[in-house]
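The values are calculated or read from the model by the stated rules, or taken from the named source; none is laboratory data. Values in this document were obtained by computation on a predicted structure and should not be read as measured data. Note: ideal-geometry Cβ built from the backbone for every residue, glycine included; neighbour counts use all protein chains shown. To get the accessible areas, we keep the full protein, side chains included, count just its heavy atoms, and leave off ligands, DNA and RNA. Shrake-Rupley method; radii C 1.70, N 1.55, O 1.52, S 1.80 Å.
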Amino acid sequence: MRQKIMMDVDTGIDDALALLYLLASPEAEIVGIAATAGNVPAPRVAANNLALLDLCRAPQIEVALGSATPLAIALRTTEDTHGPQGVGYAEFPLSPRALSTRSAAELWVDLVRAHPGEIVGLCTGPLTNLALALRIEPELPRLLGRLVVMGGAFNHPGNTTPTNEWNVHVDPEAWKEVFDAFAAAPPQRRPLVCGLDVTETVEMHPVHLTRLAERADSLPVQEVSEVDTPGTRSKASNPIVRFVTDAVRFYFEFHRAHDQGYLAHMHDPFAAAVALDPSPARIRAAAVDVELGGAITRGTTVADWAGMWGREPNADIVIGTDPRIFFERMIARVGDFARAVYPPA
Ligand code: BDR
Ligand code: CA
């Protein structure tokens with residue numbers, strides 16, 4: 001039986017790659033996609049997901065629109081990180097697919113009630129809609145098989161403020177509501193948290209794009225180099241490889257502009273891989289909380305490693321991995337999938 005996965009995304013270059021990873025994984029069944037405001041506004045996130053499903057010739061998968069704003073603060077988006085439409089230099093046509101008539105929160109609740117214990121939730125954006133779903137269905141932590149989230153930074157600098165990771169920064173109240181609610185979950189249902197300290201070790205380099213093109217039989221195989229003119233568009237013969245190349249080139253340029261090198265952190269695809277198989281992730285349980293006050297630390301995730309708060313753990317934090325395992329799998333899966341969807345002429 002395939003693993004049912006409910007995705008909650010703010011697509012987003014790396015969110016798009018997370019969706020591709022799951023579409024390309026035969027053991028995964030995506031049962032729904034919540035479009036959450038974050039990297040770009042929620043309607044744009046939804047449109048990106050629908051268009052990516054078209055590009056992948058995917059079956060009908062319900063995509064539900066999330067809240068336009070975080071729980072308690074105004075929305076902040078980051079087109080400078082993810083491009084004007086959220087997918088780097090890639091451009092999507094308008095999809096003929098229709099959005100769900102349910103809200104993202106309703107979709108969460110309906111799906112976990114219909115399949116108790118069977119669904120893995122994968123959140124790669126702010127947790128606004130999951131928090132709204134928890135308000136409707138407080139039993140959600142016991143109805144969900146497992147929750148995997150990308151967010152937070154533990155003993156590691158933030159990427160948005162000195163201590164804030166982006167997904168938490170956008171909606172700190174939502175993350176606190178979710179962590180608080182999961183304090184009631186049994187240990188095997190604690191959220192698996194993929195924070196920046198680990199996801200920033202999952203570095204994509206141009207060679208990974210070359211290997212992806214090779215695996216997909218897409219030509220030319222080598223398209224991206226750091227000496228290229230910024231914004232060079234892909235001519236890859238395979239449309240999925242072309243999309244990935246145009247999206248990731250923007251992410252490479254963004255990371256270089258922030259002195260991180262010509263590379264891109266695969267935060268969200270790594271979380272997708274963990275959702276399907278947590279075994280390459282080293283994990284440590286801890287009580288986690290989110291700072292909601294603090295003149296300069298609001299939005300910071302704090303893990304109580306030593307048990308000083310006297311609270312039971314409410315999260316399993318990923319503390320390490322071997323990124324090579326992730327890239328082997330991603331290249332093999334997405335490459336084979338791209339080749340199957342668009343066989344070479
Ligand atoms: C997270 O922030 C977003 O910009 C990415 O899509 C990822 O989910 C990394 O901090
Ligand atoms: Ca994201």
### Query
How high is the relative contact order of the chain, in percent, with contacts defined as C-alpha pairs under 8 Å that are six or more residues apart?
20 percent
#### Entry: By accessible area with a 1.4 Å probe, ligands and nucleic acids excluded, highest first: order of Arg44, Arg97, Arg339
Arg339, Arg44, Arg97
### Query
Dipole of the chain (Lys/Arg Cβ +1, Asp/Glu Cβ -1, origin at the Cα centre): which of Gly299, Ala51, Ala181 lies farthest to the positive side?
Ala51
### Task
Evaluate Rg over Rh across the chain, taking Cα atoms for both radii and Kirkwood's formula for Rh.
0.94
### Message
Ignoring everything except DSSP H segments at least 4 long, calculate the 222 nm mean residue ellipticity for the chain; use -39,500 (n - 2.57) per segment, divide by total residues, nearest 500.
### Response
-11000 deg cm²/dmol
### Query
By how many degrees, between 0 and 90 and to the nearest 10, does the Cα long axis of helix 239-257 differ from the longest principal axis of the chain?
60 degrees
### Query
Share of antiparallel DSSP beta bridges in the chain, in percent to the nearest 5?
30 percent
### Task
Using a 1.4 Å probe over the heavy atoms of the protein chains, calculate the carbon and sulfur portion of the accessible area of the chain as a whole percent.
54 percent
### Task
At 7 Å along the Cα-to-beta-carbon direction for both Asn155 and Ile296, put a label point, then send me their distance in nm to one decimal.
2.3 nm
### Between helix 172-181 and the chain: long-axis angle, C-alpha atoms, 0 to 90°, nearest 10
60 degrees
### Task
Could you work out which residue, out of Ser103, Ser279, Ser218, moves most in a Gaussian network model of the chain, that is, has the largest mean-square fluctuation with Cα springs under 10 Å?
Ser279
### Message
Need the full-extension length gain, Val227 to Ile73, defined as separation in residues times 0.36 nm minus the C-alpha distance. One decimal, nm.
### Response
51.4 nm
### Query
What range in the chain is the longest one free of GluC sites (Glu not before Pro) that are in a loop by DSSP and have at most 14 other Cβ atoms within 10 angstrom?
227-345
#### Entry: Contour minus Cα-Cα distance for His258 and Leu219 (0.36 nm per residue)
11.0 nm
### Task
Could you tell me the accessible area of Tyr251 in Å² (1.4 Å probe, neighbours in place), rounded to the nearest ten?
10 Å²
## Note on the structure
Within the set Asp14, Asp304, Asp259, GNM on the chain using Cα springs under 10 Å gives the largest fluctuation to Asp259
### Cα-centre dipole for the chain with unit charges at Cβ (Lys and Arg positive, Asp and Glu negative), debye to 20
560 debye
### Message
Using only the alpha-carbon atoms, how far is helix 13-23 inclined from the longest principal axis of the chain? Give it as 0 to 90 degrees, nearest 10.
### Response
90 degrees
#### Entry: In nm, spacing of pseudo-spin labels at Arg284 and Ser237 (7 Å Cα→C-beta vector)
4.9 nm
### Summary
Phi-derived 3J(HN,Hα) across segment 145-150 with the Karplus relation (6.51, -1.76, 1.60, θ = phi - 60°), rounded Hz, x for Gly and Pro, is x, 6, 10, 10, 10, 9
### Summary
Other residues with Cβ under 11 Å from the Cβ of Leu134 give, with Lys and Arg +1 and Asp and Glu -1, a net charge of -3
### Average accessible area per residue (Å²) across segment 114-240 - probe 1.4 Å, nucleic acids and ligands excluded
37 Å²
